[in-house]
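Quick notes on the structure that follows.
The values are calculated or read from the model by the stated rules, or taken from the named source; none is laboratory data. Only a predicted model underlies this, so the values are computations on that prediction, with no experimental measurement involved. Cβ placement follows ideal geometry from the backbone for every residue including glycine, while neighbour counts extend to all protein chains displayed. The accessibility values were calculated without ligands, DNA or RNA, using every heavy atom of the protein model including side chains. Shrake-Rupley method; radii C 1.70, N 1.55, O 1.52, S 1.80 Å.
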Amino acid sequence: MSQKTQAEMKVGITGVGMHVPEKILTNKDFEKIVDTSDEWIVERTGIRERHVVEPGTPASALGAPAALQALEMAKVDPMEIGVIIVPTVTPDMLFPSTACIIQEKIGAKNAWAFDILGACSGFTYSLGLADSLIRSGAHDTVLVIGAEIMTSIADYTDRNTCILFGDMAAAVVVQRLRDDLDGFLAWENGADGSGAKYLYMKGGGSLHPATHETVDAKMHYLWQDGKAVYKVAVEGMARISERVLEKAGLTGEDVDLFIPHQANLRIMDYTRRKLKIPPEKMMVTIDRYGNTTSATIPGALRVAYDEGKLHEGDTLLFATFGAGFTFGGVVVKWTPAGGYKTPA
Ligand code: COA
């Protein structure tokens, strides 16, 4: 470890990548699957379409190309990666980790690799871990890949949930930065386990190992009490955003681009208004991709980059809320691709 103290050390995002399958399911398509309408879905959620895989496609199949795109932007060779973290609720299998499978696919032979389960907050949880691993002096380069095949756990007979989700993987390269650059200004994550009963997938774990009965009872599908989750999410996302901004010594008015988790446009708008962020400074991708759980924020970050919405030094705010309950916020300055320099 160099002479820099942990607080002085600059850590940030130097590359971002995203990968979605080609196939698209529109709201009109859903009208043929469940009793719903394009009007209801748009008005209540903001979703118009979502990308979906062919059945049998694993999370790693989207995760590997997303990771390679992020590495290309950061000008980082896979062999330079110290750690791979994959937040996911839809791993290829329970073990080995999807992170290990992606490590092999991209040739990151020097990395240790593990999955975490933070649900929709998996990305902010992972950024907190990545920042800490670098500030500890253990590593210079961490790869975070949110990889989700939400269609693999969606019940296509339940109109309350199946219309909400899409498939996506998106990755960021987190690195120690040159001293003249700013990266993470603050992050904060939290959990409230009393919310576990409102959003879950009960089957397939040690409580309910897979049996014919658990499958017949549809326990291998995601279930949520949407109304209950909505009520907590709407206040929870605003609260964590305010807390992390305060930690960074900023207010919503200092934010150049707000990238919230995209579960429901009404939750996003409520949070934005509470923070006094104008609509043009909030990234909206839910219309095109639906809720893609831990891939959502890095995916929206890549879309923002492709649309020319990111400028060097911009202050970005990420905010999440999800199953657990889990929540998280990150304030980070946007750094140019390849801005990293190996410390002496
Ligand atoms: N099409 C048509 N009608 C539908 C429908 C659909 N796809 N889904 C539900 N409905 C119906 C319900 O059956 C209900 O009918 P009823 O009054 O006859 O029982 C009615 O619409 C209202 O349902 P409700 O659940 O109150 O809708 P809502 O406005 O709360 O919207 C969600 C539902 C899921 C979109 C919303 O609750 C939500 O976004 N929740 C939070 C999600 C979240 O943040 N999750 C955490 C991260 S994953």
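A cut-off of 5 Å between modelled amide H atoms, ignoring neighbours fewer than 5 places along the same chain, links Lys333 with Gly183, Phe184, Leu185, Leu316. Measuring nothing but protein heavy atoms, the accessible surface of segment 184-333 at 1.4 Å probe radius is 53 percent carbon and sulfur. Taking every protein chain into account, the accessible area of segment 1-135 amounts to 45 square angstrom per residue (probe 1.4 Å).
Packing-based ranking of 153-166, 98-111, 32-45 yields 98-111, 153-166, 32-45, ordered from highest to lowest mean Cβ neighbour count within 10 Å. Along the Cα→Cβ direction, 7 angstrom out, place labels at Glu104 and Val42. What is the inter-label distance in nm? Label at Glu104, label at Val42, 4.6 nm between them. Our coupling estimate for segment 184-190, obtained by passing each phi through the Karplus curve with A = 6.51, B = -1.76, C = 1.60 and θ = phi - 60°, is 5, 9, 6, 8, 8, 10, x Hz, Gly and Pro reported as x.
The relative contact order of segment 184-333, computed from alpha carbon pairs under 8 Å that lie at least 6 residues apart in sequence, is 36 percent.
Here, the chain has an Rg and a Dmax of 19.1, 63 Å when only alpha carbons are counted. Here the dipole of the chain is about 500 debye; that uses its Cα centre as origin and unit charges on the Cβ of Lys and Arg (positive) and Asp and Glu (negative). Amide H contacts of Ile116 (H built 1.01 Å from N, in plane; Pro and chain starts excluded): Val86, Thr88 sit under 5 Å, all sequence-distant by 5 or more or on other chains. Among Tyr305, Tyr198, the sequence by solvent-accessible area, most first, with a 1.4 Å probe is Tyr305, Tyr198.
Counting only heavy atoms of the protein chains, get the accessible area per residue of segment 272-344 (1.4 Å probe) and round it to a whole Å² value.
35
For segment 215-222, putting each phi into the Karplus relation 6.51 cos²θ - 1.76 cosθ + 1.60 with θ = phi - 60° gives couplings of 5, 4, 7, 6, 7, 9, 10, 5 Hz, in residue order, rounded to whole numbers and with x for Gly and Pro.
Could you work out the local net charge near Phe327, counting Lys and Arg as +1, Asp and Glu as -1, over the other residues with Cβ closer than 13 Å to its Cβ? So the surrounding residues net to -2.
For Asn291, nonlocal amide neighbours, meaning residues 5 or more places apart or on other chains whose placed amide H falls under 5 Å from its own, are Phe165, Gly166.
Summary of packing: across the peptides 185-195, 202-212, the per-residue average of other C-beta atoms within 10 Å ranks them, highest first, as 185-195, 202-212. Full extension of the chain segment joining Phe114 with Ile33 gains 25.5 nm, where the gain is 0.36 nm per residue of separation less the Cα-Cα distance. Applied to segment 114-124, the Karplus parametrisation 6.51 cos²θ - 1.76 cosθ + 1.60 on θ = phi - 60° returns per-residue 3J(HN,Hα) values of 8, 9, 10, 10, x, 6, 5, 9, x, 6, 5 Hz, with x for Gly and Pro. Helical content alone sets the calculated 222 nm signal of the chain at -9000 deg cm²/dmol, taking -39,500 (n - 2.57) per DSSP H segment of four or more residues and averaging over every residue.
What is the sum of charges, Lys and Arg at +1 and Asp and Glu at -1, for the other residues whose Cβ falls under 12 Å from the Cβ of Lys28?
The answer is -3.
For segment 275-344, applying the loop criterion from DSSP together with a ceiling of 14 other beta carbons within 10 Å to the trypsin sites (Lys or Arg not before Pro) yields Lys276, Lys341.
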